[in-house]
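Peer 1: For reference, the structure I am asking about is given below.
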Amino acid sequence: MPDLYLRLALPTPLRRLFDYRAPAQVPAEHWQPGVRVQVPFGNRKVVGILIETTTTTDIPADKVREALELLDERPLFEPPLLELIHWTASYYQHSLGDTFSWAMPALLRQGEPATTQKKRFYQAAAGATIEDPRIKNAPRQRQALEAVLQHRQGLAHEQLHNLGIQKTSIDALVDKGLLFTEQRSLKSARPGGPLLAQPALSLNAEQKLAVDTIGSALHHHQVFLLAGVTGSGKTEVYLHLIEQVLKQGRQVLVLIPEINLGPQTINRFRQRFNVRVALLHSEVNDRERLNAWLASRDGAAEIVIGTRSALFTPFKELGLIVIDEEHDGSYKQQDGLRYHARDLALVRARRLGVSVVMGSATPSLESLYNAKNGRYGLLRLNRRAGSAQVPTFQRLDVRSLPLDSGISLPLQKEIERTLAAGQQVLVFLNRRGYAPVLMCKDCGWLGDCHACDARLTLHQRYNELRCHHCGHIEQRPHACPKCQSLQLHPVGAGTERAEDRLQLLFPKVPVVRIDRDSTARKGSLDAMLKIIQRGEPCILLGTQMLAKGHHFPQVTLVAILNADGGLFSADFRASERMAQLIIQVAGRAGRAEQPGKVIIQSHVADHPLLVQLTEEGYFAFAEQALRERRAVQLPPYTHMALLRAEALNPQHADDFLRDAASLLEQLATPLKAEDVECLGPAAAPMERRGGRYRAQLLFIARQRGPLHRLLHGLCFNLEQLPSARQVRWALDVDPVDLY
Ligand code: ADP
Ligand code: ZN
Ligand code: ZN
């Protein structure tokens, strides 16, 4: 019998496959593409994915190593998902093995069996009642039995624990024969009963049109952009569509942005349906993540809700993909495999022939462009559901107004009025810490990061200077390091400083600061949200954590302390992001009966973009922005890729990119010169970061085809370049952030 070789994708950045000899004792038919195989790699053991088997290899017979273990009985990845992962690796020019790593739960990557753990369930014995004389004087046991009796399907151990029931009570009930236990895998079907756990709301006319239109396309592939102002009832539209898909016996994938304030959204899905909802986001631990993944694969979870990487979850029968807040930047991964979950979800849906609903109050220009040219169906929800009004905007020119900790006097008055009327205020400031820089009044010294081209942020609460780019932290100096003067002053305001000032101005109301620092401790966010939910006058102050998917019904005034950053950035997407952020923050106001007002402090209050956004709305802004993009041939009218390099020595990064540029020239000769344009090498906008010098080469093309052919040839050759050994490099296809 000829030797059998296994061609594997291994978790390494190298863009190639690796051959191993198949152990003779495993029958040949067990080696199916998509199974995991453990192999020796250098002096480690790694888990690879079998791509194909062959009877020949280029590796000399004495060098080829033998695989150690076949880990799966059946392929972990079925053909459609395998193809998607191949497609992803090729589109993003990434190593196939590493792409697999990003696409699977950590435990599977580590070689854990792909089977659901069994759980112990407790169920009431036939005829058991809390009137049983044996527990007459055992209130805890009565309480435990009562809880179990309320759940026909029984309760898992940790559910009982969550209900505050102690193990000793349970054990006593088991001893008395009132409870019995059963090992059950989570595969068991949905908890019986009707599909809807809660009645659906009756839709308004706009919602109904959206549900009818999308609902009639559920049996083939079509993409819909549901552009609805905040609070217009997009989630309700998703829920109605999901109901239809569940009735067909199919599953639904719901992608959500990285959670900050997400539980509210998730609970709405859980409360509506009597089905199993699996969660895949950063706060889910590895074991739960694996269970969710398997439950989805086996069809035991009907709805999967997750952040970006959930897009790679296997499904038994997927029927619909929902992408909430499709414009959100967190759908794009910024390291390793730089994929865009929205774009990949669309690819997956097309291949499977299922529809996609993407919702946003502020759709990305890419999606609006696709809606305009007819590739996506556009559905608008222009009115808020229920009685809530759309807020009004006021641009407050602060050029000649003194700002105290970022707050002008007219704004202060407006806050006072709102609080006096018994309402809540939301103050938005997208800058953590106390002040963005510490300065010496005598010699002009500024606190810089030693490793980055950036200032250190003063964090007064910790008496520290921190770099928000590399994580460096140092003690706040007592005296100026340059001239020893004691005149060190914070310049500008971050959320800590605004908090202090607001608390001083309004000592009678709580000031709740919500940012990454104040919510770092588990449970602290919940505690803060509780204060807000009480509905009494208070000030909520925070960064963009506040802009995401939350309802603050008592907020009637939203103040944006500084919106100017987005108007003067080198990144062509900055104004789009600014507009989205303003509209999203504004959308938190006046969601209940009270109308909302939004005040935007600006030094350029008459800037045309700001005027258009606040007077004509996001869609007028977006139309104009698209016209500008077309005029200067930027995405979505062209396609980009960015080759980034970084090195301790700036020369090394530059050398590598120059080599890359000349490689490109050789490769590009067969292509027409105008097909792909190459700009650079140039220093990155923040050249030094974390002690490394960063430079980049930008490719722009009118069409994807030529760009991709070129990138493919390029990456292959780049790996071989001697200058590549001295740099870290990465290719970013469709970059969303040019830094
Ligand atoms: P969005 O997702 O567009 O921000 P939501 O779906 O969260 O909007 O809806 C906003 C609020 O309006 C929610 O409190 C929701 O329960 C309510 N709502 C949505 N649709 C309806 C409807 N058809 N009738 C009554 N209330 C609705
Ligand atoms: Zn000084
Ligand atoms: Zn730094």
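Peer 1: Of all residues in the range 319-367, which are of a type in the set (Gly, Ala, Ser) and under 13 Å from the mean Cα position of the chain (by Cα)?
Peer 2: Passing the criteria: Gly329, Ser330, Ala341.
Peer 1: Among the strands (runs of 3 or more DSSP E) lying completely within the range 445-505, list those that include at least 2 residues that are in contact with a strand residue (DSSP E or B) (Cβ under 7 Å, 6 or more places away or on another chain) and away from ligand 2 (no atom under 15 Å from the Cβ).
Peer 2: Because the criterion is at least 2 residues that are in contact with a strand residue (DSSP E or B) (Cβ under 7 Å, 6 or more places away or on another chain) and away from ligand 2 (no atom under 15 Å from the Cβ), the strands (runs of 3 or more DSSP E) in the range 445-505 that meet it are 457-459, 464-466, 473-475.
Peer 1: Out of contact with any Asp or Glu (no Cβ under 9 Å at 6 or more places or on another chain), of a type in the set (Lys, Arg) and buried (at least 18 other Cβ atoms within 10 Å of the Cβ): is that true of Arg588 in this structure?
Peer 2: yes
For every residue, the table says whether it meets (1) among the hydrophobic types (A, V, I, L, M, F, W, C); (2) more than 16 Å from ligand 1 (Cβ to nearest atom).
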| residue | (1), (2) |
| --- | --- |
| Arg534 | no, yes |
| Gly542 | no, yes |
| Met545 | yes, yes |
| Gln554 | no, no |
| Leu567 | yes, yes |
| Ile583 | yes, no |
| Ala589 | yes, no |
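Peer 1: Taking Ala527 as meeting all but one of (1) closer than 20 Å to Phe552 by Cα; (2) at pLDDT 95 or above, write down the number of the exception.
Peer 2: It fails just one condition, (2).
Peer 1: Picking from Leu504, Leu561, which residue would you name as being in the same structural domain as Ala589 (by TED's automatic domain parsing), without any contact (Cβ under 8 Å) to a residue 12 or more places away in the chain, more than 16 Å from ligand 1 (Cβ to nearest atom) and within 25 Å of Ala420 (Cβ to Cβ)?
Peer 2: Among Leu504, Leu561, only Leu504 is in the same structural domain as Ala589 (by TED's automatic domain parsing), without any contact (Cβ under 8 Å) to a residue 12 or more places away in the chain, more than 16 Å from ligand 1 (Cβ to nearest atom) and within 25 Å of Ala420 (Cβ to Cβ).
Peer 1: Name the single residue, out of those in the range 307-345 being small (Gly, Ala, Ser) and touching a strand residue (DSSP E or B) at 6+ places or on another chain (Cβ under 9 Å), that is surrounded by the fewest Cβ atoms within 10 Å (Cβ to Cβ).
Peer 2: My answer is Gly336.
Peer 1: OK, next. Hey, any hits in the range 291-303 for a residue that's out of contact with any Ser or Thr (no Cβ under 9 Å at 6 or more places or on another chain), assigned by TED's automatic domain parsing to the domain that holds Gln248 and of a type in the set (S, T, N, Q)?
Peer 2: Within the range 291-303, none of the residues are out of contact with any Ser or Thr (no Cβ under 9 Å at 6 or more places or on another chain), assigned by TED's automatic domain parsing to the domain that holds Gln248 and of a type in the set (S, T, N, Q).
Peer 1: Follow-up question, since we're still on this one. In the range 690-714, which residue that is at pLDDT below 95 and basic (Lys, Arg) is nearest to Gln633 (Cα to Cα)?
Peer 2: If we take residues in the range 690-714 being at pLDDT below 95 and basic (Lys, Arg), then Arg702 is nearest to Gln633 (Cα to Cα).
Peer 1: Tell me, yes or no, whether the range 433-448 has at least one residue that is touching a residue at least 60 places away in the same chain (Cβ under 8 Å) and out of contact with any Leu (no Cβ under 7 Å at 6 or more places or on another chain).
Peer 2: No - not one qualifying residue is present in the range 433-448.
Peer 1: Now a separate question. Of all residues being open to solvent by 70 Å² or more (accessible area, probe 1.4 Å) and away from ligand 3 (no atom under 16 Å from the Cβ) in the range 464-490, which is farthest from Asp442 (Cα to Cα)? Just the residue, please.
Peer 2: Result: His478.
Peer 1: Scan the range 194-218 for residues that are away from ligand 1 (no atom under 15 Å from the Cβ) and without any contact (Cβ under 8 Å) to a residue 24 or more places away in the chain and jot them down.
Peer 2: Ser216, the sole residue that qualifies.
Peer 1: Lys530 is checked against (1) closer than 26 Å to Asp737 by Cβ; (2) surrounded by fewer than 20 Cβ atoms within 10 Å (Cβ to Cβ) and fails just one. What number does that condition carry?
Peer 2: Status for Lys530: all satisfied but (1).
Peer 1: Here's something else I'd like to know. What's the total number of residues in the range 102-142 that are in contact with a His (Cβ under 8 Å, 6 or more places away or on another chain) and either assigned to a loop (DSSP other than H, G, I, E, B) or open to solvent by 50 Å² or more (accessible area, probe 1.4 Å) (or both)?
Peer 2: So the answer is 2.
Peer 1: Within the range 3-12, track down each residue that is under 19 Å from Gln110 (Cβ atoms) and open to solvent by 20 Å² or more (accessible area, probe 1.4 Å).
Peer 2: Matches in the range 3-12: Pro11 only.
Peer 1: So, one more: Do we have Thr57 as modelled with pLDDT of 95 or more and of a type in the set (S, T, N, Q) here?
Peer 2: No; evaluated as a whole, the condition is false for this residue.
Peer 1: Looking at the structure I just gave you, is Cys538 farther than 19 Å from Phe393 by Cα and either open to solvent by less than 20 Å² (accessible area, probe 1.4 Å) or in the same structural domain as Gln412 (by TED's automatic domain parsing) (or both)?
Peer 2: Yes: the conditions hold for Cys538.
Peer 1: Would you mind stating whether Glu646 is of a type in the set (Asp, Glu) and under 24 Å from the mean Cα position of the chain (by Cα)?
Peer 2: In short, no.
Peer 1: Which pairs have Cβ atoms under 7 Å, sit 6 or more apart or on different chains, and link a residue in the range 241-261 that is modelled with pLDDT of 95 or more to one that is basic (Lys, Arg)?
Peer 2: Gln251/Lys316
The values are calculated or read from the model by the stated rules, or taken from the named source; none is laboratory data. Bear in mind that the values here come from a model prediction, so they are computed numbers and not experimental data. Every residue, glycine among them, receives a Cβ derived from its backbone with ideal geometry; neighbour counts consider all protein chains shown. Remember, those area values only see protein heavy atoms, side chains included, never the ligands or the DNA or RNA. Shrake-Rupley method; radii C 1.70, N 1.55, O 1.52, S 1.80 Å.
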